[in-house]
Amino acid sequence: MKKILVANRGEIAIRVMQTAKKMGIRTVAVFSEVDRNAPHVRFADEAVCIGEAPSNKSYLVGDKIIQEALRLRVDGIHPGYGFLSENADFAETVEKNGLTFIGPKSKAIRIMGSKLAAKEAVKAYDIPMVPGVDEAITDVNEAKTIADKIGYPILIKASAGGGGKGMRIVEKKKDFESQMKRAISEATSAFGDGSVFIEKYVTSPRHIEIQVMADTHGNVLHFFERECSIQRRHQKVVEEAPSSILTPELREAMGIAATKVAKSCDYIGAGTVEFLMDADLNFYFLEMNTRLQVEHPVTEMISGVDLVELQINVARGEALPFKQEDLSIKGHAMELRVYAEDPLNDFLPSVGNLETYQLPEGEGVRVDNGFEEGMDIPIYYDPMLSKLITYGKTREESIELMLKAIQNYKVKGVQTTLPFGAFVMEHEAFRSGNFDTHFVKDYYSPEAIHQKHTQEAEIAALIALRQYLKDQKTLQLPLN
Ligand code: MV4
């Protein structure tokens, strides 16, 4: 593989190209009209415009991207995350054109893209699953009978859903029928597939996921877990590795379960197996994401591997260069997603010009960034500016490093989630490790940040006053 095209933008396009460059591979960036001067375009060896600003006219137009890849004689296409990364038809068309898709085969993407197909695939592998059904249910009365057996609360999920889309909680039997009808009609209009199924609703779970990597020689490894429970409306905000609640035994059991999930669909490349964990530390397979994930850096920090390098090597047919026993966790990594959103105003996108934009740096600080000072933030795409990652010997150290890095991250012109990150890092529930997926909903309100600002202003005023009084005394001395 001598030349790869990165079918993405922003920080992940740069992240992928960094590793390609390190490996001596030439890089091609694609860009929309509004991204002409974006950092990812300048970072690449070559760049090509693929259309107008809206994603469906550029970054989502697979055929156009493949056409440019062929014209520029690239060997492989890396999809990053989002956009075309989990589009099975795209992966298939890339391969049909004699190019390498740096990711799994379309078959694995298709299976894991359907929650029910995924359940079917893992059936023979003895993976712990939430009590529920593994087939689409259409008959309301039959569904109600099953729900009674499982016990309330029940969660109705759309097979084609994911990331929380198409889910409905049913607390009581009397609401079941109406909720099921709603779920079906929502799934039909959102995904063109009205298949739904039901599960026991795990009320206060943690979201823990396992990074896996499989090669074409039958080797599947796991790279431990990421704790992703700090999320807001299914959008992750803080991720860390390792999780503060896993024991070595649980970690191994989850790692083995995750590699089995990968085997169940003949997985190749980097993937993530999501689990729910209840308060009694029981874990349940939820779904598999068939891409490199946003939060992959925390895994890289604690395991010392470059996941993109492994992806590329696996895509060109190489065997994974180590065994499971060779892998171990060293230190603790924390990641904050820095979004151009206003945490004081319901996290509304805060687009505008980055009048000031200075990144923190130093030992134990990594910033995977896609922006620079003076740039306008386009309204067309996800408003994530960067990922701020810290790495220390212990969890406490990574938290302290994060708080310092947040202070040293200077942004003017737009509001960001940096103050929200500081709120999380300072919160007692987060620091003690005693939290679940409801953390943000349970503890966060804009007042928490307002209060902190007010307190800081008060302290600043007191310091100023003390200095003033001291100065007055000194000035008066010669007179007395
Ligand atoms: C669940 C659940 C509780 N019980 N399934 C949300 C996204 C999708 N991946 C599955 N999700 C959930 N499935 C059962 N049976 C709770 C969630 C859930 C969740 C999961 C992970 C991270 C954040 C979440 C936030 C709300 C709900």
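Taken over segment 55-66, residues that are in contact with a strand residue (DSSP E or B) (Cβ under 9 Å, 6 or more places away or on another chain) and either surrounded by fewer than 15 Cβ atoms within 10 Å (Cβ to Cβ) or among the charged types (D, E, K, R) (or both) amount to 2.
If you check Gln211 against the conditions, is it away from the ligand (no atom under 11 Å from the Cβ) and polar (S, T, N, Q)? Let's see the steps before the verdict.
On the way: away from the ligand (no atom under 11 Å from the Cβ): yes; polar (S, T, N, Q): yes.
So Gln211 fits the description; yes.
When Thr203, Thr216, Thr259 are checked against the criterion of being within 11 Å of the ligand (Cβ to nearest atom), over 30 Å from Ala340 (Cα atoms), open to solvent by 10 Å² or more (accessible area, probe 1.4 Å) and not aromatic (Phe, Trp, Tyr), a single residue qualifies: Thr203.
Here segment 155-175 is the region considered, the condition is being within 15 Å of the ligand (Cβ to nearest atom) and farther than 19 Å from Arg233 by Cα, and the residue that is surrounded by the fewest Cβ atoms within 10 Å (Cβ to Cβ) is Glu171. Per the conditions (1) without any contact (Cβ under 8 Å) to a residue 24 or more places away in the chain; (2) more than 23 Å from Leu385 (Cβ to Cβ); (3) not hydroxyl-bearing (Ser, Thr, Tyr), the sole criterion not satisfied by Lys21 is (2).
Residues that are free of Cβ contacts under 8 Å to residues at least 60 places away in the same chain: which strands (runs of 3 or more DSSP E) entirely in segment 322-392 hold 1 or more of them?
Numbers: elements: 332-339, 356-358, 365-369, 384-392.
Ranges flagged: 356-358, 365-369, 384-392.
Only one of the numbered conditions (1) among the hydroxyl-bearing types (Ser, Thr, Tyr); (2) in contact (Cβ under 8 Å) with a residue 40 or more places away in the chain; (3) within 16 Å of the ligand (Cβ to nearest atom) is violated by Tyr443, and that is (2). Scanning segment 270-325 for residues that are more than 30 Å from His438 (Cβ to Cβ) and either within 14 Å of the ligand (Cβ to nearest atom) or of a type in the set (D, E, K, R) (or both) turns up Asp306, Glu309, Arg316, Glu318, Lys323, Glu325.
Per the conditions (1) outside any loop (DSSP other than H, G, I, E, B); (2) at pLDDT 90 or above, the sole criterion not satisfied by Tyr152 is (1). In segment 111-123, the residues that are open to solvent by less than 20 Å² (accessible area, probe 1.4 Å) form Cβ pairs under 8 Å with partners that are of a type in the set (D, E, K, R) and part of a helix (DSSP H, G or I), at six or more places apart or across chains, as follows: Val122/Lys260.
The values are calculated or read from the model by the stated rules, or taken from the named source; none is laboratory data. Keep in mind that what you see is a predicted model, and the values were worked out from it rather than measured. Here Cβ is always computed from backbone atoms with ideal geometry, including for glycine, and neighbour counts include all displayed protein chains. Only protein heavy atoms, including side chains, enter the accessible area calculation; ligands, DNA and RNA are left aside. Shrake-Rupley method; radii C 1.70, N 1.55, O 1.52, S 1.80 Å.
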